[in-house]
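Written out below as structure tokens is the structure these notes cover.
The values are calculated or read from the model by the stated rules, or taken from the named source; none is laboratory data. Quick caveat: nothing in here was measured; it's all calculated off a predicted structure. Cβ: placed from backbone, ideal geometry, glycine included. Neighbour counts: every protein chain shown.
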Amino acid sequence: MSDDVNPVPPAGGVGGPPTPESDTSKILAALGYLTGIAALIAILIEPYKNEKWLRLHAVQALGLAVVAIVAQIVLAIPVIGWIAGPLVSVAVLVFAILGIVKAWQGEYYQMPVIYDLVKQFV
């Protein structure tokens, strides 16, 4: 008889990406993509601010919101805004939905472009 016992790895696996600590974290991360208030709560309030997985999603959600605001300001320029405005709006919506889905599934997802802009804050 063998006494080999496979211990349960810690959350996120050994050296793997972080995972959500609770369903509340997943809900807060998903809501962060809909409203900046949820993302701010995740970044500023204990115990959430110390959770790496949640911080990634919260910072990305705020980064996406900032990119959307800056894009809307730039797109206020006539002609440029008429052409690129709908495309940028659809792109922001797609990224937000993707973030919500990945957060709800508990994935440590790094958004293309957005993650590169905010990675120093994660």
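In the set (1) touching a residue at least 60 places away in the same chain (Cβ under 8 Å); (2) surrounded by fewer than 16 Cβ atoms within 10 Å (Cβ to Cβ); (3) in contact with a helix residue (DSSP H, G or I) (Cβ under 7 Å, 6 or more places away or on another chain), the condition left unmet by L117 is number (1). Only one of the numbered conditions (1) assigned to a helix (DSSP H, G or I); (2) at pLDDT 90 or above; (3) hydrophobic (A, V, I, L, M, F, W, C) is not met by W82, and that is (2). Pairs are defined by a Cβ separation below 6 Å, a sequence spacing of at least 6 or placement on different chains, a first member in region 77-96 that is under 20 Å from A58 (Cα atoms), and a second member that is surrounded by 11 or more Cβ atoms within 10 Å (Cβ to Cβ); the pairs so defined are V92/A68; F95/L64; A96/Y33.
P18 meets all of the listed conditions (1) of a type outside the set (F, W, Y); (2) touching a Phe, Trp or Tyr at 6+ places or on another chain (Cβ under 7 Å); (3) crowded, with 17+ Cβ neighbours inside 10 Å but one, namely (3). Could you check region 72-116 and list, in sequence order, the residues that are among the aliphatic types (A, V, I, L, M) and in contact with a His (Cβ under 9 Å, 6 or more places away or on another chain)? Answer for region 72-116, where residues must be among the aliphatic types (A, V, I, L, M) and in contact with a His (Cβ under 9 Å, 6 or more places away or on another chain): just A103.
The condition (being of a type outside the set (S, T, N, Q), closer than 16 Å to V118 by Cβ and not in a loop (DSSP other than H, G, I, E, B)) is satisfied by just one residue among V88, V92: V92. A single member of A58, A71, A103 is over 19 Å from K26 (Cβ atoms), buried (at least 16 other Cβ atoms within 10 Å of the Cβ) and at pLDDT 90 or above, and it is A71. Does A58 meet the test of being touching a residue at least 60 places away in the same chain (Cβ under 8 Å) and either under 20 Å from F121 (Cβ atoms) or of a type in the set (F, W, Y) (or both)? No: the conditions fail for A58. When residues in region 86-114 are screened for being polar (S, T, N, Q), more than 9 Å from the chain's Cα centre (by Cα) and under 17 Å from V66 (Cα atoms), 1 of them pass. Checked against the criteria, A65 counts as at pLDDT 90 or above and in contact with a Gly (Cβ under 6 Å, 6 or more places away or on another chain). Taking residues in region 27-54 that are without any contact (Cβ under 8 Å) to a residue 60 or more places away in the chain, and partners anywhere that are surrounded by fewer than 17 Cβ atoms within 10 Å (Cβ to Cβ) and outside any helix (DSSP H, G or I), the pairs with Cβ atoms closer than 8 Å and at least 6 places apart or on different chains are E51/P18; W53/G12; W53/P17; W53/P18; W53/G106; W53/Y108.
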